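Just below is one structure, and these are the notes that go with it.
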Amino acid sequence: MEQEQYKHVEKLIRRSKNLFIVSPYIDEYYARFLLKHARNKKIYIISSSPEEKAKKMLTKGSFPSLTFLLSVIMFSLYYLLWLVGLSYMPILIIGSLFFALFIMRLSTRKPKNIKLKVPKEFIHAKFYVGDAEAITGSANLTYRGMHKNIEHLEISNDPNYIKKLKAEFWRMWNV
């Protein structure tokens with residue numbers, strides 16, 4: 001049975017400019033979700049046991065597949081034009097530019113606005129704090145935790161509570 005706690009957490013992630021996330025487990029699904037919605041945000045994450053692929057994505061970024069696809073298409077066009085003996089120089093130049101862009105994106109793909117900390121001690125707390133809302137409860141930032149498990153979440157818009165959770169976040173961050 002599909003649960004609905006994910007709707008609240010995903011809305012918080014989409015709408016907030018500053019995010020503070022504490023979840024012992026993060027999977028690839030939510031690493032992709034965070035990367036997709038990270039533009040113009042500052043995201044701080046504390047996770048004791050993120051999946052290895054999620055950890056890699058959040059610290060090194062994701063593979064620049066669109067640029068790679070465009071490079072392959074351009075070089076394929078170049079090859080086809082070369083096979084039939086037509087002028088291929090413009091396609092070669094454009095393909096080379098896309099390939100250079102792909103190489104540059106590979107080397108600079110680390111998300112600068114996402115900071116992930118994996119503490120030495122296991123942190124079991126789970127909370128998600130945005131600009132004007134905080135969510136606490138039992139759900140990990142995993143597909144299973146947000147969509148499949150029966151979990152409990154508390155949502156608060158109380159500025160004092162949000163301030164308290166942010167202070168707790170920074171205490172955990174600096175441990």
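The values are calculated or read from the model by the stated rules, or taken from the named source; none is laboratory data. Quick caveat, the model's predicted, so the values are computed rather than measured. Because the Cβ atoms are built from the backbone with ideal geometry, glycine has one as well, and the counts that use them run over all protein chains shown. Surface accessibility is based on the protein's heavy atoms, side chains included, excluding ligands, DNA and RNA. Shrake-Rupley method; radii C 1.70, N 1.55, O 1.52, S 1.80 Å.
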Inset, instruction - List the aspartates and glutamates whose Cα lies under 19 Å from the Cα of LYS115, skipping any in the same chain that are fewer than 8 positions away. - result: GLU10, ASP27, GLU28, GLU51, GLU52, ASP131, GLU168
Inset, instruction - May I ask for the net charge around ILE123, where only other residues with Cβ less than 12 Å from the Cβ of ILE123 are counted and Lys, Arg are +1 while Asp, Glu are -1? - result: +2
Inset, instruction - Taking H placed 1.01 Å from N in the peptide plane, check which residues at least 5 places from GLY137 or on another chain put their amide H under 5 Å from its amide H. - result: LYS126, GLU154
Inset, instruction - Sort GLU133, GLU52 from largest to smallest accessible area, using a 1.4 Å probe on the heavy atoms of the protein chains. - result: GLU52, GLU133
Legend entry - Extension gain, THR59 back to ARG14 (0.36 nm per residue minus Cα-Cα distance, nm): 14.2 nm
